[in-house]
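Accompanying notes for the structure given below.
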Amino acid sequence: MKFSWRWLVGPSFLFLAFIPARAQSYDSELKLGVDAYKNSHYEQAIQHFRKATELDPSQPKAHLYLATTYGSQYIPGVESPDNLHLAEQAIEQVPARARLRCRVRAEA
């Protein structure tokens with residue numbers, strides 16, 4: 001009887017399909033975050049966007065996506081500590097230049 005590796009190799013590929021994708025670049029983390037956000041997996045999206053901001057802090061897109069993710073979970077008018085924390089997290093991610101621009105326009 002000849003030994004066949006097929007019985008071992010086939011299930012191995014099936015097992016790999018269940019391992020979460022781990023990105024190691026800014027672009028791949030950003031893409032994984034966008035995919036998670038589109039599927040309403042906000043906690044996963046936050047993790048990927050945070051990783052993207054760590055990999056390249058100079059890129060504003062990941063910060064804005066992170067702010068959007070936090071902001072989409074915020075419920076206006078609800079004064080709970082968790083809800084206010086979401087608002088604060090969103091505001092922290094907006095680049096300082098954009099916040100300054102908004103403040104100047106509001107005062108005008």
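Just need a number here: residues in the stretch 32-82 that are more than 13 Å from Glu92 (Cα to Cα), of a type in the set (Ser, Thr, Tyr) and in contact (Cβ under 8 Å) with a residue 24 or more places away in the chain.
3
Here's the yes/no breakdown for (1) of a type in the set (Gly, Ala, Ser); (2) modelled with pLDDT under 90:
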site	(1), (2)
Arg6	no, yes
Gly10	yes, yes
Tyr26	no, no
Ser40	yes, no
Arg50	no, no
His63	no, no
Tyr70	no, no
Ile75	no, no
Ala98	yes, yes
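Looking at the stretch 21-55, which of the residues that are closer than 24 Å to Leu86 by Cβ and acidic (Asp, Glu) is surrounded by the fewest Cβ atoms within 10 Å (Cβ to Cβ)?
Result: Glu43.
What is the one condition in (1) modelled with pLDDT of 90 or more; (2) surrounded by 10 or more Cβ atoms within 10 Å (Cβ to Cβ) that Gln59 does not satisfy?
Only one criterion in (1) modelled with pLDDT of 90 or more; (2) surrounded by 10 or more Cβ atoms within 10 Å (Cβ to Cβ) is unmet by Gln59, namely (1).
What are the residues in the stretch 80-96 that are modelled with pLDDT of 90 or more and in a loop (DSSP other than H, G, I, E, B), if any?
Passing the criteria: only Ser80.
The values are calculated or read from the model by the stated rules, or taken from the named source; none is laboratory data. Note that the structure is a prediction, hence the values are computed from the model and not measured. Cβ coordinates were reconstructed from backbone atoms using ideal geometry, including for glycine residues, and neighbour counts include every protein chain displayed.
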